[in-house]
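First up is the structure itself, then whatever we jot down about it.
We did not get these values from a lab; they are worked out from the coordinates using the rules stated. These numbers come from a predicted model, not from an experiment. So basically every Cβ, Gly included, is an ideal-geometry build from the backbone, and we count neighbours across all protein chains shown.
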Amino acid sequence: MAKVNIVNVVVLDNPSPFLNPFQFEITFEALDNLSEDLEWKIIYVGAAESEEYDQTLETILVGPVPSGRHKFVFQAGPPETTKIPVQDAVGVTVVLLTCSYRAKEFIRVGYYVNNEYDDPEMKENPPSSPHYDKLMRNILATNPRVTRFKIDWDDTVSEIPAENGENVPPATNLESESNQMNMLGSRCLEETKLAHNVNSHGMDIDETSISMS
């Protein structure tokens with residue numbers, strides 16, 4: 001049984017200019033005292049084709065964690081634009097929020113992100129070279145994909161096989177105050193960007209879609 005559950009995630013400052021920081025207000029519950037830190041990461045998927053373009057935007061350690069409910073705001077700067085393939089700068093991509101304990105990832109929340117020009121003319125005729133200062137970022141905060149992995153919280157054994165992984169939603173739905181965007185093409189990305197990131201971390205586990213109210 002997992003000792004930490006994410007109760008709620010609110011995507012702040014959304015939509016926002018592409019170069020603004022990512023901000024997530026995270027509420028989680030620890031069912032037991034944790035003697036070591038929780039490691040949280042924000043990862044930006046630069047391209048579906050290869051993990052080479054993944055960027056870890058920020059990593060923070062939270063702990064030791066006493067039992068009970070906790071809330072904090074996790075902020076990360078925008079991705080380095082020079083590391084994003086030109087053809088993937090505009091359109092739909094993914095941002096991942098992950099949490100690990102003792103270097104073992106136990107939950108991952110994936111959000112679709114739509115980057116597009118705010119100016120109608122640029123939207124109709126996008127420049128050959130991306131103008132990041134003109135792009136708007138819109139995170140589909142109302143429909144995250146949540147994957148949970150079974151880990152050994154007490155570290156009594158060296159490894160738990162992947163086939164024993166849990167693939168169930170959190171006890172309560174993740175909620176957000178963001179507006180839902182039009183996600184044309186998100187279904188085709190379901191089997192590319194999100195699946196790519198699961199496999200690239202050596203975990204052969206399917207994801208679960210969670211509809212948010």
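One table, with the values for the structure above:
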item: From phi via Karplus (6.51, -1.76, 1.60), per-residue ³J(HN,Hα) for the stretch 114-125 in Hz, x at Gly/Pro; result: 10, 9, 8, 6, 7, 7, x, 5, 5, 5, 6, 10
item: Point-to-point label distance, F72-Q87, nm (Cα→Cβ direction, 7 Å offset); result: 4.0 nm
item: Separation between Cα centres of the stretch 25-79 and the stretch 111-132, rounded to whole Å; result: 29 Å
item: Which of F28, F22 has the fewest Cβ neighbours within 10 Å, and the rest in rising order; result: F28, F22
item: Peptides ranked, highest mean first, by Cβ atoms within 10 Å: ranges 89-102, 59-72, 7-20; result: 89-102, 7-20, 59-72
